[in-house]
Amino acid sequence: MTRWLLWLIGGILLGGIVHLSTVLALPRTAAHDAYARLLPITPVNKVVPLPTSESAIMPFMDPAFATAVCRYDLSRGALKLTAPISQAYTAVSFYTRYGIAYYAINDRAAGRKVIELDLMTTRQRDQLPEEEDVTAADRLIVESPTQTGLIVLKALSPEPGLMPMAEKALAAAQCKPQ
Amino acid sequence: MRLFLGSLLCFFVAAAVGLGATWFALSNGTAFGAITIGAWQAWPKTGTMEIDPYARAALARTGALPVGLGDGVSFIAKFDDSGRLLDGRCDVHITGTTPQARFWTITLYDPDGQFIANSLNRQGFTSQELIRNPDGGFDITAAPRARPGNWLPTGGVERYILAIRLYDTPVGIATRAGREAPMPTITQGSCQ
């Protein structure tokens with residue numbers, strides 16, 4: 001009897017390990033995460049608008065926004081992102097390959113008519129000539145923890161009739177190698 | 001033989017407990033660090049590098065992208081103030097004010113996070129298009145049939161989720177109680 005009880009307790013303890021390891025492994029093995037969903041419709045290093053239809057590509061999208069995505073790959077070098085801000089509210093969010101939101105900036109924080117920044121890996125940043133880093137005081141550099149990932153650009157349409165304006169602002173956004 | 005049966009039991013229990021706990025945790029959304037204000041819950045840390053492993057796994061499973069903290073904060077409600085699940089066949093009143101933010105939106109989703117089709121093509125409101133009361137507050141009615149004022153169509157579905165997203169807001173990781181961040185009340189009225 002005691003022996004069976006010990007096997008049972010052992011099983012529960014092992015179950016705890018199984019639980020923790022599946023939770024930790026899931027982000028790396030999920031076949032339908034945001035990146036995988038966007039992969040077929042987004043060319044690399046290019047801003048493409050996301051369709052806002054009833055069956056959205058990703059769940060829990062905000063329908064008040066025009067959305068565009070740049071799926072980036074920094075293996076060939078840093079990227080430059082430029083996004084003109086729309087009349088209402090514009091934000092740019094950065095996600096790693098596995099969907100961690102590591103940086104986000106909105107139009108007010110950017111403080112200009114265009115959100116302009118350089119995206120690079122930590123290694124690429126370390127290789128920057130030192131003076132360049134210093135002279136460009138207003139140059140915004142974002143470090144990506146992963147070589148690939150997603151940039152999501154959003155422009156608010158405060159009323160449904162203003163959606164074309166928001167889409168137009170995003171259509172002028174660019175992400176391209178420097 | 002005993003050893004074989006014993007280890008078989010051990011592995012069976014391990015698989016059942018481990019996978020069961022994972023499934024339960026991910027389908028019930030047990031992320032840590034929630035801010036709870038009335039019926040509303042937000043997890044501001046999911047929009048940062050310090051996202052906890054449970055929230056990460058849940059997002060990977062659903063395929064959603066979290067709202068980055070530099071962008072805004074997302075509040076979710078699945079229940080009304082008395083703890084009943086939101087029912088699309090009932091009149092649900094969302095009344096009050098929201099925390100300080102440059103813009104905010106309220107959106108209605110089915111439990112999978114997809115929009116519910118309706119003839120008005122209305123999935124939510126932005127803070128600018130709402131009809132306000134003289135005191136600046138608002139009253140939104142989520143109901144299956146048209147209502148005067150701010151009507152949010154539910155399509156008569158059994159279950160749905162409400163999301164309020166605050167953009168460019170001081171609400172964040174340091175926010176604690178409802179006094180700092182007043183969220184609207186959710187009350188369920190008559191049902192069809």
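The values are calculated or read from the model by the stated rules, or taken from the named source; none is laboratory data. What you are looking at is a predicted structure, and each value in this text was computed from that prediction instead of being measured. Every residue, glycine as well, gets a Cβ built from its backbone with ideal geometry; the counts of neighbours run over all protein chains shown.
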Within the range A:28-47, is there a residue that is at pLDDT 90 or above, among the small types (Gly, Ala, Ser) and either touching a Gly at 6+ places or on another chain (Cβ under 8 Å) or assigned by TED's automatic domain parsing to the domain that holds A:Arg123 (or both)?
-> yes
Where in the range A:12-85 are there strands (runs of 3 or more DSSP E), lying fully within it, with 1 or more residues that are of a type in the set (D, E, K, R)?
-> A:65-73, A:79-84
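Please enumerate the residues belonging to the range A:142-171 that are over 17 Å from B:Arg102 (Cβ atoms) and of a type outside the set (A, V, I, L, M, F, W, C).
At the first step, the residues of the range A:142-171 found to be over 17 Å from B:Arg102 (Cβ atoms) are A:142-153, A:160-161, A:163-165, A:167-168, A:170-171.
Passing the criteria: A:Glu143, A:Ser144, A:Pro145, A:Thr146, A:Gln147, A:Thr148, A:Gly149, A:Pro160, A:Gly161, A:Pro164, A:Glu167, A:Lys168.
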Hey, can you tell me all the residues within the range B:136-190 that are under 16 Å from B:Asn118 (Cα atoms) and polar (S, T, N, Q)?
-> B:Thr141, B:Asn150, B:Thr154
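Which of the following residues is on the phi > 0 side of the Ramachandran plot and either under 18 Å from the mean Cα position of the chain (by Cα) or not charged (D, E, K, R) (or both): B:Gly189, B:Gly149?
Working: B:Gly189 fails: on the phi > 0 side of the Ramachandran plot.
Of the residues listed, the single one that is on the phi > 0 side of the Ramachandran plot and either under 18 Å from the mean Cα position of the chain (by Cα) or not charged (D, E, K, R) (or both) is B:Gly149.
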Does A:Ala66 count as more than 8 Å from chain B (Cβ to nearest Cβ) and surrounded by 19 or more Cβ atoms within 10 Å (Cβ to Cβ)?
-> yes
Name every residue in the range B:1-55 that is out of contact with any strand residue (DSSP E or B) (no Cβ under 6 Å at 6 or more places or on another chain), aliphatic (A, V, I, L, M) and surrounded by 15 or more Cβ atoms within 10 Å (Cβ to Cβ), in order of residue number.
-> B:Leu9, B:Val13, B:Ala14, B:Val17, B:Ala21, B:Ala25, B:Leu26, B:Ala31, B:Ile37, B:Ile51, B:Ala55
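Based on this model, can you work out whether A:Thr122 counts as within 18 Å of the chain's Cα centre (by Cα) and surrounded by fewer than 20 Cβ atoms within 10 Å (Cβ to Cβ)?
Values: within 18 Å of the chain's Cα centre (by Cα): yes; surrounded by fewer than 20 Cβ atoms within 10 Å (Cβ to Cβ): yes.
Taking the combined requirement at face value, the residue satisfies it.
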Given B:Phe79, B:Phe75, which one is surrounded by 18 or more Cβ atoms within 10 Å (Cβ to Cβ) and either polar (S, T, N, Q) or on the phi < 0 side of the Ramachandran plot (or both)?
-> B:Phe75
